[in-house]
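Single-structure report; data block below.
Values in this text are rule-based calculations from the coordinates and carry no lab data. Keep in mind that what you see is a predicted model, and the values were worked out from it rather than measured. FYI the Cβ positions are ideal-geometry reconstructions off the backbone, even for glycines, and counts take in every protein chain you see.
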Amino acid sequence: MITAEEKLKERIKELTCLYEVTSIIVNCDYDQIEDALKGILYCLQKAWRFNDVAQVKLLTDQYNIATADYPVDALFLEESVQVFNKKVGEIHVAYPKPNYKLTDFLQEEKKLLKNVCLEVGNLLERKQIKDNEIIIKRKMERADRLGILGEITAGIAHELNTPLANILGFSELLKTRIAEDTQANKDLDKIINSAIFSREVVKKLMFFACEMPQQMTLVNINPIIANAINLMEPSLNKKKIDRELKFNAQSILLRVDTIQLTQVIFNLILNAIYFSPVKGKIIIDVKEADDKVEIRISDEGPGIDPKISDKIFEPFYSTKPVGEGSGLGLSVVHGIVKSHKGVISYRSNKPKGTIFTIAFPKI
């Protein structure tokens, strides 16, 4: 039996706990939320009747935090933590077995635990809202930057097209007037190759700026993807890369611009080849579902550093050495996929590498 005096003492501890928990939450810095949650657990620990042996643990989809000596074999009281009316975890308050039993937990302690779980749920809700606000703000800032950049690149592309056409035309004309096997002829070949490379960059700029008109038709994408990969056979063979192309249906129909789809496959496979080790493996897996078509391209390269994950689709950003990449490949892919109402994402491959996934809706 617990005396009236003991009940009063326990009540004071519970009220003190609620006050301290509220103070922690009010002064919480969302960047250090784990420290705040640890503080809440220690407040709970002090509020229990046998606080010298009580231990507390918080388990959620994001956090696994416990007080210092949480027992392996524990007898515990638990209450769920909910965020937006959905259970995301629970808090346990435990006594070590076999010295204690469930009747050692007071009814008031059960109410206290429930109240604290409500407060923790509210804190996690506010954290989630804050995180979503930051994500939305970044997306809006990125959209503004891309919009401005799109206008600039469209102008640059149009300005460059005419001089590049002149360089190529007059270089080809000069080649007909110069004998073969001369140094001048070799120099002209270099000029022509450089101009062709520059023209391809301009094409990418125009794709990025949405200046290339789309011709959407319902086609079987299997041969388009297969042909795009076959054209890259020399690059694959050069690094002795094994490739595997898989389709879950003989004919997969999708409304796309065939040239732009080829551009997407080319860019992603080129990236995979560049970052793949010699004798590595690239898998292209094309799957048709009821409402979408997914194309997965996996490699065995070094993977993508999490620090640059929010930059890889930005135009002119490249991790390749200067001269080996324009930084437009993935931004062009992103733009084409988006214009097809699709989504592109990536994740780590196991044990190493990256998997890019493109999901096109069947419309």
Checklist outcome for this item: Percent relative contact order for region 66-130, counting Cα pairs under 8 Å at least six residues apart, stands at 35
Checklist outcome for this item: Taking placed amide H atoms and a strict 5 Å upper bound, the residues 5 or more places from residue 292 or on another chain that come that close are 362
Checklist entry - Where Rh is the Kirkwood radius over the Cα pairs of region 246-287, the temperature 25 °C and the viscosity 0.890 mPa s, what D in µm²/s does Stokes-Einstein return? => result 203
Next on the checklist: Assuming 0.36 nm per residue, please report the length gained on full extension of the stretch residue 251 to residue 307 beyond their Cα-Cα distance.
Outcome noted: 16.2 nm
Next on the checklist: Can you give me the distance in nm between label points at residue 357 and residue 183, each placed 7 Å from the Cα along the Cα-to-Cβ direction?
Outcome noted: 5.8
Checklist entry - Which value in nm describes the separation of the simple spin-label points at residue 292 and residue 348, placed 7 Å from the Cα toward the beta carbon? => result 2.3
Item to check | Phi to ³J(HN,Hα) by Karplus 6.51 cos²θ - 1.76 cosθ + 1.60 over region 106-114, Hz, x for Gly, Pro | outcome: 7, 4, 5, 5, 4, 5, 4, 4, 4
Item to check | Pairwise label distance in nanometres, residue 111 with residue 131, each label 7 Å out on the Cα-Cβ vector | outcome: 3.4
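Please give the peptides 183-190, 238-245, 50-57 ranked by average Cβ packing (other Cβ atoms within 10 Å per residue), highest first, as a rough proxy for protection. It would help to have the intermediate numbers written out before the result.
On the way: 183-190: 12.1, 238-245: 13.9, 50-57: 16.8.
Top to bottom by mean Cβ count within 10 Å: 50-57, 238-245, 183-190.
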Checklist entry - Which FRET efficiency, nearest 0.05, do residue 339 and residue 173 yield, Cβ-Cβ r, R0 41 Å? => result 0.65
Next on the checklist: On a straight-distance basis, which aspartates and glutamates could pair with residue 46 in a cross-link, Cα separation under 16 angstrom, same-chain partners fewer than 8 positions away excluded?
Outcome noted: 6, 10, 14, 20, 69, 104, 108, 109
Item to check | DSSP-loop trypsin sites (Lys or Arg not before Pro) across region 78-107, with at most 12 other Cβ within 10 angstrom | outcome: 101
Checklist entry - What's the extension gain from residue 226 to residue 190 if we count 0.36 nm per residue and subtract their Cα-Cα distance? => result 9.8 nm
Checklist outcome for this item: Bounding extents of region 28-108 in its principal axis frame from Cα atoms, largest first in Å, are 39, 25, 24
Item to check | Amide H partners (placed H, <5 Å) of residue 349, local residues excluded | outcome: 354, 355
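Take the Cβ-Cβ distance between residue 274 and residue 216 as r, set R0 to 30 Å, and report the resulting FRET efficiency rounded to the nearest 0.05.
My answer for the efficiency is 0.50.
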